[in-house]
Amino acid sequence: MAEAQKTYITPESKAALERELKALIDNRPVIAAEINERREEGDLKENAGYDAARDQQAQEESRIREIEEMLKNSTTERTALKEGEAQVGSVVHVYYNGDEDDKETFLIGTRATASDNPDLETYSELSPLGAAVLGATEGETREYTAPNGASVSVTLVSAEPYDSAKAAALRAKRLEESK
């Protein structure tokens, strides 16, 4: 059986997921102690504290499995990303409906892919816009149907692999300029 293709995530996203996973795993003994403490209070049928602790444990264990699955099925490797072609993990610059003044820049990927750059929107490759530009090359125009039913044309101006160091430098420059 062929190995499933891995989803690109930014190094920052990977690090954030790893930190969250560690915190959840480190919290297991705390939740277990809370459950034991509440269990000692008596009747479990009418013990809201026990129920709440068990619910929290279930939620945290579910999130642990979710994060482990995301990390297992993702990569920060950008070797397959090509300059000039819109792919998952690419920062793309587009304009809409032939209007070169109606521009947008975004990262193609899932929310797990999202960068820590609050100025950079992330669109899923499964969204109408993301699916339309996926695989497009610079200068190529594609059509898609927006959620409101309107037909929209989108032209790819440029595409480049997401570069976290470049994004951090740009954020620092903007912060300095805003002072």
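Quick check: anything in the stretch 58-69 of a type in the set (A, V, I, L, M, F, W, C), surrounded by 14 or more Cβ atoms within 10 Å (Cβ to Cβ) and outside any helix (DSSP H, G or I)?
Looking for residues that are of a type in the set (A, V, I, L, M, F, W, C), surrounded by 14 or more Cβ atoms within 10 Å (Cβ to Cβ) and outside any helix (DSSP H, G or I), one finds none in the stretch 58-69, hence no.
Does at least one position in the stretch 57-74 carry a residue that is of a type outside the set (S, T, N, Q), out of contact with any Phe, Trp or Tyr (no Cβ under 8 Å at 6 or more places or on another chain) and over 30 Å from Val88 (Cα atoms)? Please lay out each step first, then the result.
Applying the first criterion (of a type outside the set (S, T, N, Q)) to the stretch 57-74 yields 58, 60-61, 63-72.
Keeping just the survivors that are out of contact with any Phe, Trp or Tyr (no Cβ under 8 Å at 6 or more places or on another chain) gives 58, 60-61, 63-72.
Narrowing further to those that are over 30 Å from Val88 (Cα atoms): 58.
Yes, the stretch 57-74 contains at least one residue that is of a type outside the set (S, T, N, Q), out of contact with any Phe, Trp or Tyr (no Cβ under 8 Å at 6 or more places or on another chain) and over 30 Å from Val88 (Cα atoms).
Rundown of residues vs (1) in a strand (DSSP E or B); (2) in the same structural domain as Ser74 (by the TED database); (3) within 30 Å of Glu18 (Cα to Cα), yes/no style:
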{"site": "Val94", "(1), (2), (3)": "yes, no, no"}
{"site": "Glu104", "(1), (2), (3)": "yes, no, no"}
{"site": "Leu126", "(1), (2), (3)": "no, no, yes"}
{"site": "Tyr144", "(1), (2), (3)": "yes, no, no"}
{"site": "Asn148", "(1), (2), (3)": "no, no, no"}
{"site": "Val152", "(1), (2), (3)": "yes, no, no"}
{"site": "Thr155", "(1), (2), (3)": "yes, no, no"}
{"site": "Ala159", "(1), (2), (3)": "yes, no, yes"}
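Which one of these is among the aliphatic types (A, V, I, L, M), in contact with a helix residue (DSSP H, G or I) (Cβ under 7 Å, 6 or more places away or on another chain), modelled with pLDDT under 90 and within 21 Å of Ser164 (Cα to Cα): Ala112, Ala86?
Ala112
What number of residues in the stretch 122-166 are at pLDDT below 90 and in contact with a Leu (Cβ under 7 Å, 6 or more places away or on another chain)?
Count: 5.
Quick one: would you say Ser13 is assigned by the TED database to the domain that holds Gly109 and touching an Asp or Glu at 6+ places or on another chain (Cβ under 8 Å)? Even if it seems obvious, please write down each step before you answer.
On the way: assigned by the TED database to the domain that holds Gly109: no; touching an Asp or Glu at 6+ places or on another chain (Cβ under 8 Å): yes.
No.
The values are calculated or read from the model by the stated rules, or taken from the named source; none is laboratory data. From a predicted model like this one, the values you see are computed outputs, not experimental measurements. In this analysis, Cβ positions are derived from the backbone assuming ideal geometry, glycine residues included, and neighbour counts consider all displayed protein chains.
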